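Participant: My questions all concern the structure below.
Where a number appears in this text, it was derived from the coordinates with a stated rule and is not lab data. Bear in mind the structure is a predicted one, so any value in this text is a computation, not a measurement. Heads up, the Cβs are rebuilt from the backbone with ideal geometry, glycines too, and the neighbour counts pull from every protein chain shown.
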Amino acid sequence: MCGIVGYVGPRNAVPLLIEGLKRLEYRGYDSAGVAVRQPDGALAVCKRVGRLANLEDALEADPVAGGLGIGHTRWATHGEPSEINSHPHLDCAGDLAVVHNGIIENYLALRADLEAKGHVFRSQTDTEVLPHLIEELLKGGAPNRGAAIRAALQLAKGAYALGIAFRDEPNVLYAARCGSPLIVGVGDGEQFIASDVPAILNRVKQVIYLNDGEVAELRPAGVSVSKLDGTPVRPEIKAVTLKAEAAERAGFETFMLKEIHEQPRVLRTLLGAHVRKDGTVDLGEAEALIAAQAPRLQRILILSCGTAYYAGMYGRLLLERWTGIPCETDLGSEFRYRAPRLPAGTLAIAVSQSGETADTLASVRLAREMGCPVLGICNVPGSTLLRESAAALLTQAGPEIGVASTKAFTAQLMAFALLALRLGRLRGALSAARERELTAELARIPDAIHRALEREDDVRAISQKYYECYNALYLGRRFNYPVALEGALKNKEISYQHAEGYAAGEMKHGPIALINEFLPVICLCTPTADEVRDKMVSNLKEVEARKGRIVAVVAEGDDSLRGLAHDVIPVPETIEELSPLVNVVALQLFAYHNAKLRGADIDKPRNLAKSVTVE
Ligand code: AGP
């Protein structure tokens, strides 16, 4: 979603802001802007709708410069994408500028009150109440700007990450956080703020993760942090461990393609971290929580959104099969509206690439209030989810920049496999010998994915036949039902081809009406011998009878479906429980090449945000 970058120091802020905003482009945005305090004392603001290149062109045509600046990429919530609605927003006098991520929920009441006091609003945004409110509090006698900001934030309800610059205070950059991530980049004689580490990766070696309810004052010489009531806080300064190259494309045409190809390495890393030489699983930081919970667990509840929800569906099947513990999944956006019942002995597992998804976080908070311990399966160390979880199972996939999740998904599946194995052993549902057999099979997955990736040219040739279709149907059963859902989501997200994922057995209850000679039906048909395979073949026959165009993902060497399917994508065979890890890679490539052939902007799909920080 929206991105924030800010700078205070001896250099010209403008190129630093633009560089940082470029590194945040992946989060999704529709307009961008900067405010810079110029040496002549003016607070210059420049905003443009559309890509950052438009803002860069405007700044080149009419340059601004100064050592204090804030920048923003906006993903519209309140008010259409327009120059007026894009950030930064100013107060009436043009004395202060604000960039904001999140939503001020009581903005209508605040706005009405401020308008009654004579403030003139220019935009339709919720954000604009903040500069006017701070202006009003300063007029009303707030002792200093920090105090006015803190007082304003006590009145504003909702979520925010903020960067604030004042015309008359060229050496101070203010920042605040509540519910939306914000970090302070601690430099040598200069300081940064950013909504995400990649924005300032090559600029600082140390960061402070602000906590909810904290306000920071950044001066070139140092950073001070306080709570909303003014109490000083001693911030914890952490080293940046990410390498700058991790946020580069490394020669690939898009981040998404790079991340698809990173999957074997990512899964090897995860296995290396959690499988001992003797083939047993060690959950690392999560071990203590899981070992303590194992004897008393009655139920597992998995909470997540989007792709992470499909990983949760897979996790449910695997946990039930390998541990015998009843398990349910729910969408973060639905869970808290259904009056959930969480009996004692329930463990909540929250799955999220970013660890900042507002709906997932809200459901985690409710589960915690109801007494559940929470295990976070997450890719971002230091994220809000991990800070609010009792323990973490890090997916260690490295920064995922492509908006469409790929490597984070397979890492989530692998994390569930490790968790189910460990819990299965602790509960006595799996023998030591079975654990070793299964970890040996897990160890073969990275190579299997590597081989699936080697088929990319064949997959591209198949996409060539179907990319112009209006619709696509994806079918799978049991462990491959979540894969069908994820394959369809990937396709619609980046290629805008309408795609439906369905449990193959459900097809005859509705979607069969869609089938004709123009509809590609992508069917997950591995492994060759499991109890749902025959049923899957029957479903393929039903598609064939209605002249649907079958694209089957099959096991290498399985020629039995060649007469039935128009196209096959062979992938290495593994056990059914682990087949999603390999099969989904074929679907990622299929979606990717559909999107490319359709001329889509793959790393910046329209309307989407990488990290959905509003509910
Ligand atoms: C994945 O391709 C999507 N862009 C989206 O569904 C995503 O998985 C979802 O928003 C959840 O994000 P999270 O994993 O960061 O919580």
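Participant: Based on Cβ point charges of +1 for Lys and Arg and -1 for Asp and Glu, what charge dipole magnitude is obtained for segment 305-412 about its Cα centre, in debye rounded to the nearest 20?
Facilitator: Details: 9 positive and 9 negative charges, 29 e Å.
Around 140 debye, computed over segment 305-412.
Participant: Of the peptides 394-404, 258-268, how do they stack up when ordered by the mean number of other Cβ atoms within 10 Å, highest first? List each step's numbers first, then the result.
Facilitator: Values: 394-404: 23.5, 258-268: 21.9.
So the order, starting with the most tightly packed, is 394-404, 258-268.
Participant: Just in segment 95-144: which trypsin sites (Lys or Arg not before Pro) are loop by DSSP and have at most 13 other Cβ atoms within 10 Å? Can you show the working numbers first?
Facilitator: Working: sites: ARG111, LYS117, ARG122, LYS139; in loops: LYS117, ARG122.
Loop-located and lightly packed - LYS117, ARG122.
Participant: Next up: Which lysines have a Cα lying under 22 Å from the Cα of LYS139, excluding residues fewer than 8 positions away in the same chain?
Facilitator: Once the sequence-local lysines are set aside, what remains near LYS139 is LYS117, LYS157.
Participant: Can you work out ³J(HN,Hα) from phi for every residue in segment 107-117, in order, using Karplus 6.51 cos²θ - 1.76 cosθ + 1.60 and θ = phi - 60°, giving whole Hz and x for Gly and Pro?
Facilitator: Ordered by residue, 3J(HN,Hα) equals 5, 5, 5, 4, 5, 4, 5, 5, 5, 4, 8 Hz.
Participant: Follow-up question, since we're still on this one. Given only helices, namely DSSP H runs of n ≥ 4 each adding -39500 (n - 2.57), what is the per-residue ellipticity at 222 nm of the chain, to the nearest 500 deg cm²/dmol?
Facilitator: -11000 deg cm²/dmol
Participant: Determine Rg/Rh for the chain; Rg is computed over alpha-carbon atoms and Rh is the Kirkwood hydrodynamic estimate from the same atoms. Display every interim value, and only then the final one.
Facilitator: Details: Rg = 25.6 Å, Rh = 25.5 Å.
Ratio value, two decimals: 1.00.
Participant: Let me ask something additional. What is the distance in Å between the Cα centroid of segment 562-615 and that of segment 175-192?
Facilitator: Using only Cα atoms, the two centres lie 36 Å from each other.
Participant: Taking 25 °C and 0.890 mPa s as the conditions, I'd like the Stokes-Einstein D for segment 48-157 in µm²/s, using the Kirkwood hydrodynamic radius from alpha carbon pairs.
Facilitator: Translational diffusion coefficient: 165 µm²/s.
Participant: Suppose the chain between ALA250 and ASN202 were pulled fully straight at 0.36 nm per residue; how much longer would it get relative to their current alpha carbon spacing?
Facilitator: Details: separation 48, 0.36 × 48 = 17.28 nm, distance 1.57 nm.
Contour length minus the Cα-Cα distance gives 15.7 nm.
Participant: Enter the Cα centre distance for the pair segment 443-499 and segment 321-379, rounded to the nearest angstrom.
Facilitator: If you average the Cα positions of each part, the centres end up 28 Å apart.
Participant: Kindly write out, for segment 356-373 in residue order, the coupling ³J(HN,Hα) from the Karplus curve 6.51 cos²θ - 1.76 cosθ + 1.60 (θ = phi - 60°), rounded to whole Hz, with x marking Gly and Pro.
Facilitator: Coupling constants for segment 356-373: 10, 5, 4, 5, 5, 5, 5, 5, 5, 5, 5, 4, 5, 4, 8, x, 8, x Hz.
Participant: Relative to a virtual label point 7 Å from the Cα of SER224 in the Cα→beta-carbon direction, which members of segment 166-192 show backbone nitrogen distances below 15 Å?
Facilitator: 171-175
Participant: Using only the alpha-carbon atoms, what does segment 118-200 span along each of its principal axes? Please give whole angstrom values in decreasing order.
Facilitator: So the extents along the principal axes, rounded to whole Å, are 41, 26, 23.
Participant: Something else about it: At a Förster radius of 56 Å, what calculated FRET efficiency corresponds to the Cβ-Cβ distance of GLU83 and ARG451, to the nearest 0.05? List each step's numbers first, then the result.
Facilitator: Values: r = 50 Å, r/R0 = 0.90.
FRET efficiency, GLU83 to ARG451: 0.65.
Participant: Scan around CYS523 for amide H atoms under 5 Å from its own, H built in the peptide plane at 1.01 Å from N, and keep only partners 5 or more places away or cross-chain.
Facilitator: Those lying under 5 Å, H to H, from CYS523 are LEU475, VAL551, ALA552, VAL553.
Participant: Still on this structure, I have one more. What is the gain in length, in nm to one decimal, between ALA440 and VAL537 on full extension, counting 0.36 nm per residue of separation less the C-alpha to C-alpha distance?
Facilitator: Working: separation 97, 0.36 × 97 = 34.92 nm, distance 2.95 nm.
Full extension from ALA440 to VAL537 adds 32.0 nm.
Participant: Hey, another quick one. In whole Å, how far is the Cα centre of segment 153-167 from that of segment 8-62?
Facilitator: Centre-to-centre distance over Cα atoms comes out at 20 Å.
Participant: In addition: Under 29 Å between alpha carbons, and skipping anything fewer than 8 positions from LYS465 in its own chain: which lysines qualify?
Facilitator: Cα-Cα hits under 29 Å: LYS258, LYS407, LYS490, LYS492, LYS508, LYS535, LYS541, LYS547, LYS596, LYS604.
Participant: Would you please give the FRET efficiency between ALA61 and LYS465, computed as 1/(1 + (r/R0)^6) with r the Cβ-Cβ distance and R0 = 45 Å, to the nearest 0.05? Let's see the in-between values first.
Facilitator: Values: r = 46 Å, r/R0 = 1.02.
Efficiency, from the Cβ-Cβ distance: 0.45.
Participant: Whole-Hz ³J(HN,Hα) for each residue in segment 129-141, computed from phi via Karplus 6.51 cos²θ - 1.76 cosθ + 1.60 with θ = phi - 60°, x for glycine and proline: what do you get?
Facilitator: 5, 5, x, 5, 5, 5, 4, 5, 5, 5, 4, x, x
Participant: Pairs of Cα atoms under 8 Å, at least six residues apart: use those to get the relative contact order of segment 152-209, whole percent. Could the numbers behind the result be given before it?
Facilitator: Values: 84 pairs, mean separation 15.6, N = 58.
Over segment 152-209, the number comes to 27 percent.
Participant: Quick one: go through segment 291-308 and flag any residue whose amide nitrogen is under 20 Å from the point 7 Å out along the Cα-to-Cβ line of LEU608.
Facilitator: Those under the cut-off are 304-308.
Participant: Starting with the highest mean, order 308-321, 461-474 by the number of other Cβ atoms within 10 Å, averaged over the residues of each peptide.
Facilitator: On the way: 308-321: 24.0, 461-474: 18.4.
Final packing ranking: 308-321, 461-474.
Participant: Which whole number in µm²/s is D for segment 323-451 by Stokes-Einstein, with the Kirkwood Rh taken over Cα pairs at 25 °C and 0.890 mPa s?
Facilitator: Numbers: Rh = 16.0 Å.
Result for D is 154 µm²/s.
Participant: Cross-link partners among lysines for LYS238, C-alpha distance below 25 Å, same-chain residues fewer than 8 apart left out?
Facilitator: Result set, ordered by chain and number: LYS22, LYS205, LYS227, LYS610.
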